[in-house]
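Below: the structure, in structure tokens.
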Amino acid sequence: MEHVWDFQTVFASWSLLSQGLFNTLKLGLLTLITGMFFGFFVGLGRYSRSSWVNFPAGVFVEVFRNTPALVQIMWFYFAFPIISPFDIDAFAAAALGLGLNTTAFCAEIFRGGIQSIHRGQWEAGKALGMTYREQVWRIILPQAVVRMIPAFMNRVVELMKMTSLASVIAFGELMHQAKTISTYHFNPIESYTVVALLFFLVISPFAFLVYHLENRFRK
Amino acid sequence: MSLEILSCRNLKKQFVENQVLQGIDLQINKGESLAIIGASGSGKSTLLRCLNFLEIPSSGEVRLRGKLIGSRQNGQVVYQERDLIPIRAKIGMVFQHFNLFPHMTVLQNVMEGPRTVLKLPKSEYESRAISYLEKVSIPEKRNAYPSELSGGQQQRVAIARALAMEPEIMLFDEATSALDPELVGEVLDVILKLMEEGLTCVLVTHELGFAYSAAQRVLFMHNGVVLEEGSAYDVLVEPQQPRTIEFLRGHSRFQLPASKNSQ
Amino acid sequence: MGYVWEFGVVFNQLDLLLAGLLNTLKITGGALLFGIPLGLLAAILRLSTYKWLRVSVGVLIEFFRTTPPIVQLFWFFFALPMLSGIEMDPFRASLVTFSIQSSAFFAEVFRGGIVSIERGQWEAARAIGMNYLESMRRVILPQAVKRMIPAFLERVIELMKTTTLVATVSYADLLYQANNIAQSTYRPLEVFTVAAGLYFIVLFPTSLLVKRIERQLAKTGEGTVH
Ligand SMILES: Nc1ncnc2c1ncn2[C@@H]1O[C@H](COP(=O)(O)OP(=O)(O)O)[C@@H](O)[C@H]1O
Ligand SMILES: [Mg+2]
């Protein structure tokens with residue numbers, strides 16, 4: 001069986017592809033930023049001494065970490081609109097699912113990073129008369145953030161891969177564009193290969209960074 | 001008649017640009033005990049590790065019972081890992097940090113070589129392991145894990161592990177340096193017993209008193225060369241080289257017998 | 001707005017959901033069966049002394065770790081049969097994809113475990129005359145595996161979550177069944193919520209186990225690798 005390669009039709013669809021790449025980056029970036037932002041507070045919340053705060057935070061984190069991201073996205077697309085007061089389109093559903101998923105994972109990273117700092121550091125801050133907020137901002141976070149960098153980079157890798165799940169609910173990111181192109185031109189080999197390579201190009205620098213940071217931290 | 005066990009000629013070892021061994025000639029005869037002394041970084045460990053090929057020498061030759069190890073190709077000796085494995089099995093090595101296998105009990109540690117490498121039947125490797133644990137006076141700990149033992153006990157198990165291979169020669173690399181002072185004695189006692197039984201031993205050591213009383217021959221290394229070599233008395237009590245004298249002066253805790261010349 | 005929840009219709013079809021869960025577990029187990037040995041092999045090759053081997057296996061591993069699994073699945077399902085003439089049904093394509101995809105992750109877990117073992121252990125093994133394979137099998141891996149257990153279980157959790165993708169090529173896993181039931185009953189809210197709950201029931205205890213093992217290893221002073 002001799003396959004006649006047909007990359008021509010893929011590149012001819014470059015406007016579809018670039019639109020897809022744009023949407024992939026838009027979804028990834030938006031959910032990364034919101035996930036890190038809210039994850040910080042949820043992470044601190046899990047560290048709280050009040051069970052009114054740490055229990056719901058814990059439930060939230062465990063639910064979103066222990067169910068599949070695709071189920072989360074489909075839930076927000078098919079199920080949530082029934083009880084939602086506002087309209088949910090594919091982008092909103094994907095952003096909600098991935099954003100909350102990333103929030104949960106980032107919360108764990110923040111919590112782990114903070115926990116890795118020796119208790120004596122909190123006490124030293126306290127002994128200087130610092131408030132809780134000062135202890136977090138001036139003593140704990142500056143030390144913890146460095147240790148959290150590889151884990152966050154890893155999150156970026158996982159999140160960028162997860163954006164492709166939005167294709168299942170027909171959001172026009174890269175993977176969805178590949179489906180469209182391959183149906184239209186009947187060239188699945190070329191479309192999926194090109195899109196795989198595009199993802200690899202976008203994501204592998206982060207993976208490479210993780211690899212090097214981890215080697216560096218191991219020493 | 002002295003039978004040569006292990007020897008090397010013009011042995012050199014280079015790490016990138018760092019020439020660590022600059023041509024070592026050495027011969028160790030059957031039943032002999034040799035102590036190697038010298039400052040930290042002088043290449044003692046590297047020499048031992050080249051002798052059992054944990055490091056591959058950059059050039060020169062090593063012979064076991066007169067037989068060249070490796071094969072000669074255009075004047076250079078080249079080594080194949082599969083030829084080195086049986087050599088290592090015949091040369092016992094004891095490490096400064098013991099390197100016991102933490103996931104195995106004491107008995108399993110000692111049985112491991114006879115079992116996996118020598119492929120002895122179970123009855124044989126088991127009784128062999130027990131007898132060597134007895135030799136290092138630790139048979140009652142056979143079912144303990146290394147982490148449950150003191151440093152001195154761990155090192156004695158490591159010695160038993162090496163002995164269980166019934167090697168032709170034992171190499172000790174600072175076997176007592178990682179031990180608390182009160183535990184050094186029990187390990188040295190074991191080594192001394194082995195020497196007295198006629199086992200061929202090479203030991204790198206900073207215990208100069210032990211080297212003096214136990215080793216027949218002492219060798220002083222400096223910057224990758226053997227600067228002085230001779231009987232324990234000659235090297236430790238009446239050294240000729242200024243470097244040796246300086247090194248020994250730094251070890252003032254070592255109580256040397258008075259030199260004949262100064263009497 | 002007062003939505004009236006109606007879980008009855010879902011529980012009438014619970015047997016279908018459970019059949020789907022069984023298929024989810026089947027694909028997860030199958031991927032583990034092939035992915036673990038393949039991952040060990042890949043890790044050993046990535047630690048090879050031959051640079052070209054190390055680099056090419058490394059690129060392959062990173063490729064499968066950094067491209068979305070849905071792209072891989074579609075590639076194996078739609079593209080590979082056209083290229084090679086190999087027949088692909090949804091189960092086979094999913095098994096191939098997730099075996100390879102998870103092996104890339106397991107390779108990194110194995111590699112992390114292996115390199116975390118002190119050099120002295122290799123040396124002690126070699127000093128009593130063991131060859132590479134004997135050292136690996138008798139001395140290094142038994143110690144490395146213990147440190148790898150948490151990272152390993154975490155990968156299993158990730159794998160099971162990722163297998164939801166098989167629904168997109170119509171393999172009847174839990175998500176696929178949920179989607180069908182949601183469409184036939186017009187009760188997506190209840191159906192997807194129950195489906196998510198079923199995933200949670202399997203995955204959450206595993207997560208707790210990971211944490212417990214991690215704590216235990218930390219207590220005995222042993223590290224874990226990630
Ligand atoms: N694996 C290695 N790579 C690079 N340099 C090494 C290595 N092992 C030893 N060296 C260097 O070789 C020199 C001699 O080391 P060593 O043989 O351990 O000395 P000693 O045992 O006498 O203290 C030191 O300068 C050390 O830094
Ligand atoms: Mg040394």
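The values are calculated or read from the model by the stated rules, or taken from the named source; none is laboratory data. Predicted model, so just to flag it, every value in this text is computed and none were measured. Here Cβ is always computed from backbone atoms with ideal geometry, including for glycine, and neighbour counts include all displayed protein chains. Accessible surface areas use protein heavy atoms only, side chains included; no ligands, DNA or RNA. Shrake-Rupley method; radii C 1.70, N 1.55, O 1.52, S 1.80 Å.
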* To do: Compute the long axis of helix A:141-162 from its Cα atoms, compare it with the longest principal axis of the Cα atoms of chain A, and write down the angle in degrees, 0 to 90, nearest 10.
  => 20 degrees
* Say the dipole of segment B:119-197 comes from +1 at the beta carbon of Lys and Arg and -1 at that of Asp and Glu; which of B:MET195, B:PRO146, B:LEU179 then lies farthest toward its positive end? -> B:PRO146
* Structure fact -> Mean other chain Cβ within 10 Å across C:136-142 is 3
* To do: Using Cα pairs closer than 8 Å and at least 6 residues apart in sequence, work out the relative contact order for chain B, in percent.
  => 24 percent
* Hey, what did chain A get for relative contact order, percent, Cα under 8 Å, at least 6 apart? -> 29 percent
* Can you tell me the 0 to 90 degree angle between the C-alpha axis of helix C:14-46 and the longest principal axis of chain C, rounded to 10? => 20 degrees
* **Within segment A:118-191, trypsin sites (Lys or Arg not before Pro) in DSSP loop having at most 16 other beta-carbon neighbours inside 10 Å** => none
* Reachable aspartates and glutamates, given that their alpha-carbon falls under 17 Å from the alpha-carbon of B:LYS30 and they are not under 8 places away in the same chain -> B:GLU4, B:GLU166, B:GLU168, B:GLU196, B:GLU197
* Structure fact -> Taking protein heavy atoms only, a 1.4 Å probe, and rounding to whole percent, the accessible area of segment A:23-174 owed to carbon and sulfur comes out at 67 percent
* **Efficiency of FRET from Cβ geometry, B:ARG63 and B:ASN223, R₀ 41 Å, rounded to 0.05** => 0.95
* Rounded to the nearest 20 debye, dipole of chain C from Cβ charges on Lys, Arg, Asp, Glu -> 900 debye
* Count, for each residue of C:71-77, the Cβ atoms from other chains sitting within 10 Å of its Cβ, then give me the mean as a whole number. => 6
* Asked: Please state the relative contact order of chain C as a whole percent: Cα pairs under 8 Å, 6+ residues apart?
  -> 30 percent
* Rounded, prolate or oblate (a/c below 1.5 giving rounded, otherwise prolate when a/b exceeds b/c) for chain B by Cα gyration tensor -> oblate
* **With all protein chains modelled, accessible area of C:TYR176 [1.4 Å, Å²]** => 60 Å²
* With a ≥ b ≥ c the root eigenvalues of the C-alpha gyration tensor of chain C, is it rounded (a/c under 1.5), prolate (a/b larger than b/c) or oblate? -> oblate
* Structure fact -> Connecting every pair of Cα atoms under 10 Å apart in chain A and solving the GNM, the largest mean-square fluctuation among A:VAL63, A:VAL168, A:VAL157 falls on A:VAL63
* To do: Give the shape of the protein assembly as shown as rounded, prolate or oblate, defined through the alpha-carbon gyration tensor: a ≥ b ≥ c are the square roots of its eigenvalues, a/c under 1.5 means rounded, and otherwise the shape is prolate if a/b is larger than b/c and oblate if not.
  => prolate
* To do: Along Cα→Cβ, 7 Å out, is where each label goes; now give me the distance between the ones at C:LYS26 and C:TRP5 in nm to one decimal.
  => 3.2 nm
* To do: Could you check which residue among B:LYS122, B:LYS44, B:LYS12 shows the biggest mean-square fluctuation in a GNM of chain B with a 10 Å Cα cutoff?
  => B:LYS122
* Asked: In the Gaussian network model of chain B, springs joining C-alpha atoms below 10 Å, which of B:VAL218, B:VAL78, B:VAL16 carries the largest mean-square fluctuation?
  -> B:VAL16
* Label-reachable residues, segment A:115-129, where backbone N falls under 13 Å from a point 7 Å from A:ASN54's Cα toward its Cβ -> A:115
* Structure fact -> Treating only Lys and Arg (+1) and Asp and Glu (-1) as charged, each at its beta carbon, one finds that the protein assembly as shown has a dipole about its Cα centre, in Debye to the nearest 20, of 560 debye
* Taking the Cα centre of segment C:27-100 as origin, sum charge times position over the Cβ atoms of Lys and Arg (+1) and Asp and Glu (-1), and report the length of that vector in debye to the nearest 20. => 340 debye
* To do: Compute the acute angle (0 to 90°) between the alpha-carbon long axis of helix A:174-185 and the principal axis of greatest extent of the alpha-carbon atoms of chain A; round to the nearest 10°.
  => 10 degrees
* Structure fact -> Rounded to a whole number, the mean other protein chain Cβ count within 10 angstrom for residues of B:165-171 is 1
* **Solvent-accessible surface (1.4 angstrom probe) belonging to C:TRP5, in square angstrom, nearest 10** => 110 Å²
